[in-house]
1. Tally the residues that are surrounded by 14 or more Cβ atoms within 10 Å (Cβ to Cβ) and part of a loop (DSSP other than H, G, I, E, B), restricting the search to the range 89-117.
2. Of the residues V150, V157, V172, which single one is under 30 Å from the mean Cα position of the chain (by Cα), part of a strand (DSSP E or B) and modelled with pLDDT of 95 or more?
3. Name the single residue, out of those in the range 192-222 being touching a Lys or Arg at 6+ places or on another chain (Cβ under 9 Å) and β-branched (V, I, T), that is surrounded by the fewest Cβ atoms within 10 Å (Cβ to Cβ).
4. How many residues are part of a loop (DSSP other than H, G, I, E, B) and loosely packed, with under 15 Cβ neighbours inside 10 Å if we restrict to the range 69-81?
5. Residues S40, S61, S23: which one is under 29 Å from K135 (Cα atoms), of a type in the set (G, A, S), loosely packed, with under 15 Cβ neighbours inside 10 Å and modelled with pLDDT under 95?
6. Before we move on, is E66 out of contact with any Gly (no Cβ under 8 Å at 6 or more places or on another chain), closer than 21 Å to A181 by Cα and either among the β-branched types (V, I, T) or surrounded by fewer than 18 Cβ atoms within 10 Å (Cβ to Cβ) (or both)?
7. Being closer than 23 Å to L142 by Cβ, in a loop (DSSP other than H, G, I, E, B) and of a type outside the set (V, I, T) is the filter here; which residues of the range 39-68 pass it?
8. In the list I297, I311, I291, which residue meets the criterion of being surrounded by fewer than 18 Cβ atoms within 10 Å (Cβ to Cβ), assigned to a strand (DSSP E or B) and modelled with pLDDT of 75 or more?
Amino acid sequence: MNLIKHCCLLFCCFLLTLPHLLSADSLQPKIAYLNATLPSTDSSFYVGQILEVKYALTLLSGAKLEDVEFMDFGANNNLEIENKDAQWRIHSDGILTNTYYYKIKAQNFTIPPLRVVVSSSDNAYQDEVIANGVKLQAIELLNNPQYANVIADAMEVVDYRASQYDDKNNIVIFQIESKDANLSSMKIGTYPQQGLESSKVVDGITYGIYYVVLDKNIKNLSFDYFNLHQKTFVTITLSVDVPKNVVEEGGDIKPRNTFLIFKNLMVGGLIVFFVLVLIIFKRGRKITLGIIGVLVIVLVYNMLFNFTSGIAQAGTNVSIIPTHNSTISEVLKVPTEVSIIGEYNDYYKVMIDSKVGWIRKEDVSKN
């Protein structure tokens, strides 16, 4: 008897819930599926490393993507999303894909779940799908004092130069080529003046220009990056070999103007040539003497007024290297006399009170 009452009670409950089970919402078909390719928990991770997580969204029955949200994401995740506004790409098979890049900020980190909202083709209802996150651990690399805060599959210095920066310091500027590296956080030792001047990625290769100002007594610049393939530190060492300038007894630097020397030698050679013409040939002596006189005037003028100095305008930026986004070493507050010791594209290499820098040609009027 009790069994019959129990069965009747269950049947009544079923009848009460039947309208809900048959409601329109419960019968809505699934119109989206989301898959995430998460890093393996068996892999080794490192603080500062960039992780990529690939997502694939399958839309059915003409469904449309409405919204994307990182769930439960905050400071406790110890991650930084490098491309939060990355766009989804649709492929020929109708599947949408996206890759988000996460930078690891601390040893314990969590990749957040990703929530995607889609709507039906007729906008009658919405569906949401969630890709789960994962908690992981990373290894700290800052225990190595030589570590320059760069993790890469490969990295090398392909070119560099060292030159005098001021009376007490030299500057080393070098070009980096790296694979799957993030150079924005690069920092070498405790040098107060250093920085990444420019960086760009082409076909998976990151190119960068970096500079370091260091004491003249330092003869080698050495730093480590962490190689992900080898899972070990790799040391890069640059010899700080600064070419010697022509120095007078007073100690002021007087750089040689190679172009001017070549021009004077050429003018001097022409003078010798026309003197020989004057001795050998009797005709046209007046013309030859006139040419010799002009050449002598040019030679004397070049020796006295060599055009290696100029006046830089007030407000002129003095840059570390000749690029538009270079670090500014100083801004001239008043019109300042400069010695022009070289040039590159739109810039003059100048010396101001024994300091070397670059200024735009349009900001200088030659004396």
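1. 5
2. The conditions single out V150.
3. Only one residue fits best here, namely I205.
4. Residues in the range 69-81 being part of a loop (DSSP other than H, G, I, E, B) and loosely packed, with under 15 Cβ neighbours inside 10 Å: 3 in total.
5. S40 is the lone residue from the list that is under 29 Å from K135 (Cα atoms), of a type in the set (G, A, S), loosely packed, with under 15 Cβ neighbours inside 10 Å and modelled with pLDDT under 95.
6. Working: out of contact with any Gly (no Cβ under 8 Å at 6 or more places or on another chain): yes; closer than 21 Å to A181 by Cα: no; either among the β-branched types (V, I, T) or surrounded by fewer than 18 Cβ atoms within 10 Å (Cβ to Cβ) (or both): yes.
Criteria not met by E66.
7. P39, S43, S44, F45, G48, Q49
8. None of the others qualify; the one that does is I311.
The values are calculated or read from the model by the stated rules, or taken from the named source; none is laboratory data. Everything numeric here is computed off the predicted structure, so don't read it as measured data. Counting neighbours? That spans all protein chains shown, and the Cβs are built from the backbone with ideal geometry, glycine included.
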